[in-house]
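Visitor: Here it is, the structure in full.
The values are calculated or read from the model by the stated rules, or taken from the named source; none is laboratory data. What you see is a predicted model; the values in this text were computed from it and never measured. Here the Cβ positions follow ideal geometry from the backbone for every residue, glycine too, while neighbour counts run over all protein chains shown.
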Amino acid sequence: MESQEHLNLDLQKYWESLKRNWIPAVATFGLVSVLATLVACLQQPEYEAQGKLLLKVSRTPSLTGVGQQLGELDPPLAAKSSPLNTEIEIIRSIPLVQQTISTLNLKDQNGTFLDPQTIIKQQLDVKNIGATDMLVISYKSHDSTQAAVVVNKLMNLYITRNLLANRTEAVTANKFIAKQLPIAEASVRQVEVALRQFKEKNQVVALDEEAKSAVKIIEELENKIKQTEADLADATTRSVNLQQKVGMTSKDALAINSLNQSLGVQKVLEELQQVESQIVVQQNRFSDNNPTIISLKHERDSLNSLLHDRVQQALGTHTQISKRSLQIGESQQKLIENFAATEGTRLAIHSRLASLSKAQSSFKKRLTTLPKLEQEQRELQRRLAAAQSTYQTLLQKFQEVRLAENQNTGNATIIENALVPTKASIRKPASIVILGILSGIFLSTIAVLILEITDKSIKSLQEVKKVFGYAVVGDIPQFGKKVNSHRQDEQQNIPPVFVREMPDSPISEAFNILQANLKFFHLLHPADSISIQATHAKRKIKPSLSIGTFFSSLKNSNKAFKTIVVTSSISKEGKSTISANLAATMAEIGRKVLLVDANMHHPIQHQIWRLSNTSGLSNILSGQAGFEVIEKSDVANLDILTAGVIPPKPIALLDSPRMALLIDYFAARYDFVIIDAPAFSHAADALTLSHMSDGVLFVARPGLLNYVSADAAKELLERSTQKPLGLVINNWSKEEKFNHSLVSFRKRNLKNNNISSKKISFKYNGYTHNST
């Protein structure tokens with residue numbers, strides 16, 4: 001939305017510039033257009049011949065089934081490229097054009113062969129017919145026959161080149177495939193060997209089946225392990241119970257059970273028991289020194305030694321077994337046998353559990369390696385499939401290309417030969433004329449822009465506001481010939497008083513708005529209006545008093561917002577017209593107004609009001625006249641004080657204490673005093689008067705005012721520390737008025753200053769002021 005408004009503003013600004021400089025713009029456009037038309041008329045007649053080519057896929061390869069891709073157009077390498085555009089560039093290539101020139105022996109008037117680049121850029125044109133596969137080849141020449149011959153020859157050479165290119169592609173493809181076939185075959189064999197070695201190394205037959213079988217076996221082993229663990233727990237419980245009853249370790253129980261079952265140990269043990277029984281019997285009969293006892297003891301020792309040897313031989317270890325352990329009862333022996341059998345069963349179950357766990361771990365380990373083996377196998381299989389596919393494709397293409405070498409396939413056909421043109425082409429003259437028109441528009445635009453850049457005048461309301469930065473309190477529409485045509489007198493160059501002559505005109509309404517805005521400005525400063533000394537309000541000064549008495553008796557006092565100095569940056573901006581119409585407008589609403597012409601360089605108020613200028617402000621200030629020189633105008637409540645006799649140095653009179661006292665006197669006698677002052681660029685009069693007044697009303701006229709004068713006037717006003725009441729835009733030709741924004745401004749300030757829209761009434765200077 002903002003870009004659209006900005007565009008509208010730029011177009012409107014350019015249109016305003018064009019209206020101001022339309023004469024040089026039209027002159028530039030007309031000159032360039034006429035020159036272009038003359039150049040087009042002086043051109044030699046030029047003939048253009050056209051021929052048509054059809055680019056299509058040949059059906060011969062599709063019918064034979066051999067070399068089908070040789071008859072197709074090349075596919076585009078980029079997304080935005082087109083095969084037709086590629087063929088167009090081939091036709092426009094320098095080698096093909098050079099061959100056409102050589103074949104037809106095309107030479108210029110000097111006998112030199114034509115330049116291929118010149119022909120391509122200026123005479124040859126190749127374009128595609130939209131939504132078709134057809135190309136139009138056109139050639140321009142001053143010789144009509146030559147134009148047709150060049151087009152036909154160029155099309156024939158292109159078709160011949162296309163056939164040779166397709167055949168060359170077949171030969172090149174044949175050589176390439178013949179070179180790649182052995183490499184592809186070796187690659188197939190290499191991958192086959194690698195796959196076989198992989199299966200042999202990893203004992204792979206069918207990995208999928210092996211994986212399923214391994215999972216099933218691991219599940220069966222898991223069930224067996226659980227059952228074996230239960231049997232082991234049962235055997236362990238029974239072994240512990242028997243061990244508690246026997247009172248020995250499982251190792252000892254197994255050893256004793258083994259000795260009890262050994263016949264050699266039992267026989268020696270039986271003999272030893274008999275000898276010990278005999279010793280006990282004989283000791284009751286004989287003493288220990290008796291040979292019989294000694295002999296029995298020797299026999300006992302021999303049997304003990306033999307028993308020990310038999311035990312060690314039966315057990316196979318050096319385990320110490322007491323004879324008491326060997327001499328057990330039958331019930332104890334059965335317990336030991338049960339304990340030994342139970343322990344043997346437990347050990348067997350534990351061994352079986354370890355075997356099952358080992359088998360399970362082995363299968364799990366194999367199962368974890370299967371995915372990697374499968375990945376390696378698939379990779380080898382893919383490589384083998386790719387190598388086999390490449391080899392089969394190359395072998396098939398090798399056979400096709402060998403047959404395609406003998407086929408004449410092309411993708412271009414001549415649809416329409418070029419005919420000798422009978423009429424000259426008007427394209428070049430028309431292009432020159434159009435180019436001339438566009439150049440005229442461009443150059444006229446440049447001319448307007450240059451004139452605008454070199455023109456230092458302020459042209460629009462926005463520029464005036466930007467330069468001064470003051471609030472706009474009035475915008476007076478343009479008036480000139482149309483307004484002056486209503487005046488029947490001889491003085492049509494004298495600015496009119498619109499309130500008097502055209503009270504219902506838009507310009508008169510603009511001055512009404514101006515006075516309303518100034519009145520509103522007055523209301524925005526009630527302190528300056530109401531806080532007036534009572535002595536100043538009650539002062540009675542009679543017109544019959546002498547000037548000397550007046551100047552000697554009047555004292556300085558605080559002033560209300562009543563005296564306004566109207567000035568401008570330069571002359572001819574309409575400040576006198578603004579002063580006269582503003583004074584008349586204020587008088588029309590019942591205010592007592594005095595209009596003072598303080599422009600003693602070029603006074604004009606006496607001409608506007610058709611008064612005599614024999615006596616006026618200068619005469620009062622010099623003491624040569626009294627207040628009787630103030631004259632009544634034909635507008636009620638409005639008095640006029642003309643400039644009077646022009647003095648040699650007006651500033652000497654204006655910058656005097658008498659002028660200040662005179663302004664105070666007028667402020668006491670009138671509701672408003674409007675002072676028409678000279679422009680800032682003309683003299684320092686306006687700056688001097690601004691210090692004696694309540695405010696300065698600045699007039700600016702777009703189109704006449706320039707930046708240098710405006711900046712100088714603003715700088716002078718800022719140095720004087722006198723703040724202007726506002727800015728009046730005079731002779732503004734813009735159609736849209738600024739009044740709406742001014743009314744909005746007043747409403748906004750009323751709200752901000754807490755001033756209600758009700759009727760306001762207050763007194764000052766002996767007068768009652770009513771305002772809404």
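Visitor: Examine the stretch 692-703 for a residue that is modelled with pLDDT of 85 or more and out of contact with any strand residue (DSSP E or B) (no Cβ under 7 Å at 6 or more places or on another chain), and state whether such a residue exists.
Guide: yes
Visitor: Specify which of the listed residues (Leu617, Leu594, Leu611, Leu621) is at pLDDT 95 or above and either surrounded by fewer than 24 Cβ atoms within 10 Å (Cβ to Cβ) or of a type outside the set (Gly, Ala, Ser) (or both).
Guide: On inspection, the qualifying residue turns out to be Leu594.
Visitor: Now for a separate question. With the structure loaded, tell me whether Ala667 is crowded, with 21+ Cβ neighbours inside 10 Å and in the same structural domain as Leu697 (by TED's automatic domain parsing) or whether it fails that test.
Guide: yes
Visitor: What single numbered condition from (1) surrounded by 13 or more Cβ atoms within 10 Å (Cβ to Cβ); (2) at pLDDT 50 or above; (3) farther than 23 Å from Leu594 by Cβ fails to hold for Ile760?
Guide: Failed condition: (2).
Listed here are the residues, each with its yes/no results for (1) under 27 Å from Val467 (Cβ atoms); (2) touching a Cys at 6+ places or on another chain (Cβ under 6 Å); (3) hydroxyl-bearing (Ser, Thr, Tyr); (4) not assigned by TED's automatic domain parsing to the domain that holds Ser579.
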residue: Pro648; (1), (2), (3), (4): no, no, no, no
residue: Ala652; (1), (2), (3), (4): no, no, no, no
residue: Pro657; (1), (2), (3), (4): no, no, no, no
residue: Asp671; (1), (2), (3), (4): no, no, no, no
residue: Ser681; (1), (2), (3), (4): yes, no, yes, no
residue: Ala684; (1), (2), (3), (4): yes, no, no, no
residue: His691; (1), (2), (3), (4): yes, no, no, no
residue: Asn706; (1), (2), (3), (4): yes, no, no, no
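Visitor: If you go through the stretch 502-521 one residue at a time, how many are modelled with pLDDT under 85, closer than 22 Å to Ile674 by Cα and of a type in the set (D, E, K, R)?
Guide: Qualifying residue count, the stretch 502-521: 1.
Visitor: Let me ask something else about it. Test of understanding: among Lys216, Lys201, Lys251, which residue is of a type in the set (Lys, Arg), in the same structural domain as Leu373 (by TED's automatic domain parsing), modelled with pLDDT of 70 or more and over 60 Å from the mean Cα position of the chain (by Cα)?
Guide: On inspection, the qualifying residue turns out to be Lys216.
Visitor: Regarding Thr86, is this residue modelled with pLDDT of 90 or more and part of a helix (DSSP H, G or I)?
Guide: So Thr86 fails the test.
Visitor: Quick one: in the stretch 1-47, of everything that is touching a helix residue (DSSP H, G or I) at 6+ places or on another chain (Cβ under 9 Å), polar (S, T, N, Q) and assigned to a helix (DSSP H, G or I), which residue is modelled with the lowest pLDDT?
Guide: Ser17
Visitor: Let me ask something additional. Does the stretch 482-499 contain any residue that is over 30 Å from Gln43 (Cα atoms), surrounded by fewer than 16 Cβ atoms within 10 Å (Cβ to Cβ) and either within 51 Å of the chain's Cα centre (by Cα) or modelled with pLDDT of 80 or more (or both)?
Guide: no
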